[in-house]
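The values are calculated or read from the model by the stated rules, or taken from the named source; none is laboratory data. A quick note: this is a predicted structure, and the numbers were derived from the prediction, not measured. Neighbour counts run over all protein chains shown; Cβ positions are idealised from the backbone, glycine included. With ligands, DNA and RNA removed, areas are computed over all heavy atoms of the protein, side chains included. Shrake-Rupley method; radii C 1.70, N 1.55, O 1.52, S 1.80 Å.
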Amino acid sequence: MPTLTMRELAEMTHGEVVQNPDVIISSVVIDSREVKPDSVFFAIKGERLDGHQFVPQALETARGAVVARIPESVARDKGIVRVADTTKALQELARSIRNRYKFLLIAITGSAGKTTTKEMIATLVATERRTWKSWGNFNNLIGCPLCIDNTPDDAEVVVSEMGMNHKGEIALLAGLTHPDVGVYTNIGPVHIEFFGTIEKIAEAKKELLDNLAPSGTVVLNVDNEYVMNISRGFTGRKVTYGIDHTADFRPVSIVERGLFGARFTLHERTFDLALPGRHNLENLLAAIATARAIGISWEGIERGVREVKPAYHRGVMIPWRGATLYDDSYNSNPYALSRALSLLQQADVHGRRIAVIGDMLELGERELEYHYEAGREIPNAVDIVVAVGRRSEALLDGARHAGFSDERLYHFDNAETATGFLERFIRPGDLVLVKASRGIGLDKIVTKLQADREPRTAEREA
């Protein structure tokens, strides 16, 4: 973050200095396990934990803390700022930093692909501009401000995600910072439990568009009808990308190479994308369109594309005992699952195509219907479906309706039991897709299998 005194921090968060106004801090943390000597610890009260109980632990290392309740005893050399609400203070600090420092802010939203697109944009932009990006998928009412709060003094461009579970959340985040560029990946039935219809999801996603900076630019996916519908009334600068429809950035001569990515031509330049799937091509087009919109040269973009890599648990290819795991386990929804299964169908495989599919969460009252329909749409080229979780039983019912025999379908209650089965079941040459909502924990399957790459002695002898 910009280097600040506790006095400046208090002014920027509408708080009051309790002690040591001249203590200097240059990083913000909300986890006491991540504090550094230059940190200020914000004691955030969450649903399960109250950060105030960790203030003493944080202050063993951190220089200061922002609290709503003053600790009983604090070392005299530590800075303390008291505020009415620490979460709001974290957000107000983001607003103040945005107003005080002249970096260009790019915000990405959408139902799928936000994190991968963010990483791609940051990689391309960083070839020519000093770039700061949010880490992981920090895109909510706490994570997004935390990214802005830690922006370095010399950052020229900041790239951040803006996600949501409820209407009004993006309005709050974008209203704090008024991004210069808004990027839309796609809009589909994600978090539909809280909205009811895709149209209402689109309406909530429009909050980014409504809160851009006065001279803001929007980057739009022309192949997604919901994205295009919400942008019709936008009178600012529009930059479009897509594959199926005419766009400012539309590739030609696309050669899909399955799990090895794709080659394509764009504006008379040939690119090789190492990440597999049409969805990653869409994400890269969004990144290229964004980079060009802010003035990154084609030479810089070419260098950046060569550096693009998949994010953690988001389309990572892992060799395992002669088979291949396609680890896309970070999250899932019907839209993203369909794209992953399409990739599995297209892949050149020597053994079996195995889809390990866990429950998709936050789909509302129609969740079983969504799972059933997802099962009906599983390509017949998939040889084996391993379903994990209560809701995924409906997915197997859909697969049976589509013609899958029971011999090709397996069900497990949790990731742990599925892991034991997969360790025995996967054979050399198999391609195994692993995908589910984060809460189901299928990433643990990948972690466990990676830790046990070699067959056990008994298995080798057999």
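Between the listed residues 185, 239, 214, the Cα displaced farthest toward the positive end of the dipole of the range 182-249, a dipole computed from Cβ unit charges relative to the Cα centre, is found at 214. Distance between the C-alpha centres of the range 122-184 and the range 270-286: 22 Å, rounded to the whole angstrom.
Exceedance of the 27 Å cut-off in Cα-Cα distance is limited, within the set 36/206; 36/133; 133/206, to 36/206. Spatially, the range 403-448 and the range 31-106 are offset by 41 Å when compared through their Cα centroids. Taking chymotrypsin sites (Phe, Trp or Tyr not before Pro) across the range 94-154, the ones in a DSSP loop with at most 14 further Cβ atoms lying within 10 angstrom of their Cβ are 135.
Helix-only mean residue ellipticity at 222 nm, the chain, DSSP H runs n ≥ 4 weighted -39,500 (n - 2.57), per residue, nearest 500. What is it?
Working: 16 runs with 158 residues, N = 462.
It comes out at -10000 deg cm²/dmol, rounded to the nearest 500.
Note on the chain: along the principal axes its Cα atoms extend 69, 53, 41 Å, ordered by decreasing extent.
Please compute, over every Cα-Cα pair in the range 53-186, the percentage with a separation greater than 27 angstrom.
Cα-Cα pairs of the range 53-186 separated by over 27 Å account for 28 percent.
Loop-located trypsin sites (Lys or Arg not before Pro) in the range 102-144 (DSSP state other than H, G, I, E, B) with a sparse environment of at most 15 neighbouring Cβ atoms within 10 Å: 102, 130.
Over every Cα atom in the range 382-438, the radius of gyration and the widest Cα-Cα span, Dmax, amount to 11.4, 30 Å. Rounded to the nearest angstrom and listed largest first, the equivalent-ellipsoid semi-axes of the range 245-319 from its Cα gyration tensor are 21, 14, 11. Which percent of the Cα-Cα distances in the range 23-63 go past 18 Å? More than 18 Å apart: 18 percent of the Cα pairs in the range 23-63. Take 292-305, 375-388, 229-242 and order them by the average number of nearby Cβ atoms within 10 Å per residue, most first; the result is 375-388, 292-305, 229-242.
Averaged per residue, the range 94-136 has 35 square angstrom of accessible surface, using a 1.4 angstrom probe with ligands and nucleic acids left out. Here the range 352-462 has an Rg and Dmax of 14.3, 50 Å, counting Cα atoms alone.
A Cα-only calculation for the range 5-102 places Rg and Dmax at 12.1, 39 Å. Ligands, DNA and RNA aside, residue 32 has an accessible area near 20 Å² when probed at 1.4 Å.
Summarising the strand pairing of the chain, around 30 percent of its internal DSSP beta bridges are antiparallel.
Stokes-Einstein diffusion of the range 270-413 at 10 °C, 1.306 mPa s viscosity, Kirkwood radius from Cα pairs, rounded to a whole number: 94 µm²/s.
Take residue 249: with every protein chain present and a 1.4 Å probe, its accessible area is about 20 Å².
Less than 5 angstrom separates the built amide H of residue 249 from those of 240, 241, 242, all sequence-distant by 5 or more or on a different chain.
The rule of thumb for compact globular proteins, 2.2 N^0.38 Å, goes into the C-alpha radius of gyration of the range 128-175 1.18 times.
Computed FRET efficiency, Cβ-Cβ of residue 36 and residue 72, R0 30 Å: what is it to the nearest 0.05?
Details: r = 24 Å, r/R0 = 0.82.
Plugging the Cβ-Cβ distance into 1/(1 + (r/R0)^6) gives 0.75.
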